[in-house]
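Trainee: Supplied in structure tokens, the structure appears directly below.
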Amino acid sequence: MSKTHYDREHHIKKATNVGDPQCFRGEAGPAKFKVGDRVRVKDLPSLFYSRTMFYTRGAECTVAELVYESPPAEDEAWDNCENPEWFYSVIFKQKDLWPEYPDAYANDTLETELSERWLELV
Amino acid sequence: MAEKHKAAPMVDEISDFEVLEIAVRELAIEKGLFTAEDHQQWSEYMETVGPLPAARLVAKAWLDPEYKKLAVTDGVKASLEVGIDWIHDMPSHFGTPSDYCNLRVVADTPKLKHVVVCTLCSCYPRPILGQSPEWYRTPNYRRRIVRWPRQVLSEFGLVVPEDVEIRVEDSNQKSRFIVLPVRPEGTEGWTEDQLAEIVTRDCLIGVAVPKPGKTNVDKRPVHPAINPVGH
């Protein structure tokens, strides 16, 4: 497990002239969800680092787009790029996020991106 | 008594974050991660980027439906036509000023209005929009726009009709967003230059909509004083 030499520049070497997240294209394998799927945001523990907003947890949403493949933020924060995942752009009804959101504006939505590990089919 | 009239210091005490930035920067230079010259070159480069290329992108998309299709599907590719290369152009020859290079151009329609925020802190499409305005980074904007978008937009002077859907884009992973607003009435027959002038930075974040006659280079309004001095 322990590496005798740790390559601090592995990410720069991979992303230079390619771009990030472009440099992870094709590494996540088949996507679990497709556009239009109804999914729920899991309420996973995030002890050290996460980019999954607490206001989204437990809420249902619709997959709008498969945006790119990338290591999830929880791994990448520790420089672990070994398990890239699909990232999904998902759309919530504001009503599903904020119970007090006025009924007059029931059409209002919020869109954000989440990695595959955070989503489950409803 | 004399001490009471001592002049206040010209510069306030340095903040904890500024101390942290200096410490990390000096350590990085000492460790050889980059040189002081690299740092200066990078800082100067960052001062040169601004929102004009994004305004140009919107103007082109208004005039050319094919280009609009490209912008909406591949923002990075569409940026090339307005002189912004997200992947190759950085002075360090790696990375981008915002680390990630996935630009999404979100198109408004008469029934859909987008507004961009990063609730985490300050994700912003810097290569094409420059540095974010101070208010964009404040907890006040970030925590309220996701929950009370209509109220916050009205504070910016933008009242969105009830039958128009507001879509908040919380940009907190690797995509960066700009809004492609609806082309306003009264701009028929305008050239690309004229159109680009009315697409201000706030229109690109989504907290304003373009209006003919309202540009970044307008003269500041001068109003007569409400209670003028009587002499």
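Trainee: Would you mind ranking B:190, A:118, B:135, A:86 so that the residue whose beta carbon has the fewest other beta carbons within 10 Å leads the list?
Mentor: Details: B:190 17, A:118 24, B:135 13, A:86 21.
Ranking B:190, A:118, B:135, A:86 by Cβ neighbours within 10 Å, fewest first, gives B:135, B:190, A:86, A:118.
Trainee: Which distance in Å, rounded to a whole number, links the C-alpha centroids of the stretch B:192-214 and the stretch B:13-71?
Mentor: 22
Trainee: Run lengths n ≥ 4 of DSSP H only: what is the helix-derived mean residue ellipticity at 222 nm for chain A, with -39500 (n - 2.57) per run over all residues, to the nearest 500? Mind dumping the intermediate values first?
Mentor: On the way: 3 runs with 14 residues, N = 122.
Value at 222 nm, helices only: -2000 deg cm²/dmol.
Trainee: With no other cysteine's Cβ closer than 4.7 Å, which Cys residues of chain B count as lacking a disulfide-compatible partner?
Mentor: Singleton cysteines: B:101, B:121, B:203.
Trainee: Separate question: Which lysines does residue A:32 reach when only Cα atoms under 25 Å apart count, and residues fewer than 8 places away in its own chain are ignored?
Mentor: Straight-distance partners of residue A:32: A:42, A:93, B:174.
Trainee: Kindly put A:16, B:215, B:35 in sequence by how many other C-beta atoms sit within 10 Å of each C-beta, fewest to most. Present the calculation step by step, with values, prior to reporting the outcome.
Mentor: Numbers: A:16 18, B:215 15, B:35 11.
Starting with the residue having the fewest Cβ neighbours, the order is B:35, B:215, A:16.
Trainee: Right, something else. If you average the sequence gap of Cα pairs under 8 Å that are 6 or more apart and divide by the length of chain A, what percent do you get for the contact order?
Mentor: Details: 195 pairs, mean separation 31.8, N = 122.
Value for chain A: 26 percent.
Trainee: Cross-link candidates for residue B:211: which aspartates and glutamates have Cα within less than 16 Å, leaving aside residues fewer than 8 places away along the same chain?
Mentor: Once the sequence-local aspartates and glutamates are set aside, what remains near residue B:211 is B:108, B:185, B:188, B:192, B:193, B:197, B:202.
Trainee: Within 10 Å of each Cβ in A:47-60, how many Cβ atoms from other chains are there, averaged over the peptide?
Mentor: Averaged over the peptide's residues, the number is 2.
Trainee: Can you tell me, using C-alpha contacts under 8 Å and at least 6 residues apart, the relative contact order of chain B as a whole percent? Mind dumping the intermediate values first?
Mentor: Numbers: 316 pairs, mean separation 48.5, N = 231.
Once normalised by length, the contact order is 21 percent.
Trainee: Starting from the Cα of residue B:27, step 7 Å along the direction of its Cβ; do the same at residue B:165; then give the gap between the two resulting points in nm.
Mentor: Placing both labels 7 Å along Cα→Cβ, they lie 4.7 nm apart.
Trainee: The stretch B:145-170 to the stretch A:92-111: how many Å between their Cα centroids?
Mentor: If you average the Cα positions of each part, the centres end up 12 Å apart.
Trainee: Oh, and also: Can you tally the lysine pairs in the stretch B:7-127 where the Cα-Cα distance is under 26 Å and the two residues are eight or more apart, or on different chains?
Mentor: Close lysine pairs found across the stretch B:7-127: 12.
Trainee: Can you tell me how much longer the chain between residue A:117 and residue A:18 gets when fully stretched, taken as 0.36 nm per residue apart minus their C-alpha distance, in nm with one decimal? Mind dumping the intermediate values first?
Mentor: Details: separation 99, 0.36 × 99 = 35.64 nm, distance 2.54 nm.
Difference between extended and current length: 33.1 nm.
Trainee: What FRET efficiency, computed as 1/(1 + (r/R0)^6) with R0 = 25 Å and r the Cβ-Cβ distance, is obtained for residue A:35 and residue A:80, rounded to the nearest 0.05?
Mentor: On the way: r = 28 Å, r/R0 = 1.14.
E(calc), rounded to 0.05, equals 0.30.
Trainee: Then there's this: Using amide H atoms built in the peptide plane, which far-off residues or other-chain residues are under 5 Å from residue B:130 H to H?
Mentor: HN-HN under 5 Å from residue B:130: B:50.
Trainee: Apply the a/c threshold of 1.5 to the C-alpha gyration tensor of chain B and tell me whether it is rounded, prolate or oblate. Numbers along the way, then the final one.
Mentor: On the way: a/c = 1.81, a/b = 1.17, b/c = 1.54.
Cα axes put chain B in the oblate bin.
Trainee: Please enumerate, by chain and number, the aspartates and glutamates with C-alpha under 19 Å from the C-alpha of residue A:13, excluding those fewer than 8 residues away in the same chain.
Mentor: Partners within reach: A:27, A:69, A:75, A:76, A:79, A:82, B:38, B:85, B:89, B:99.
Trainee: Let me ask something else. Cα gyration tensor of the stretch B:125-231, axes a ≥ b ≥ c as square roots of the eigenvalues: rounded (a/c below 1.5), prolate (a/b > b/c) or oblate? Before the final figure, lay out the partial values.
Mentor: Working: a/c = 1.65, a/b = 1.23, b/c = 1.35.
Oblate, because a/c is 1.5 or more while a/b does not exceed b/c.
Trainee: Would you mind classifying the stretch B:45-142 by shape? Square roots of the alpha carbon gyration tensor eigenvalues, ordered a ≥ b ≥ c; an a/c under 1.5 is rounded, otherwise it is prolate if a/b is larger than b/c and oblate if not.
Mentor: Numbers: a/c = 1.93, a/b = 1.09, b/c = 1.77.
Oblate shape, in that a/c is at least 1.5 and b/c is the bigger or equal ratio.
Trainee: Grab the DSSP H runs of chain B that are 4 residues or longer, score each as -39,500 (n - 2.57), total them, divide by all residues and round the 222 nm result to the nearest 500 deg cm²/dmol.
Mentor: Values: 10 runs with 86 residues, N = 231.
So the helix-based figure for chain B works out to -10500 deg cm²/dmol.
Read the figures in this text as sums done on the coordinates, not as results from a lab. Keep in mind it's a predicted model, so treat the numbers as computed, not measured. Counting neighbours? That spans all protein chains shown, and the Cβs are built from the backbone with ideal geometry, glycine included.
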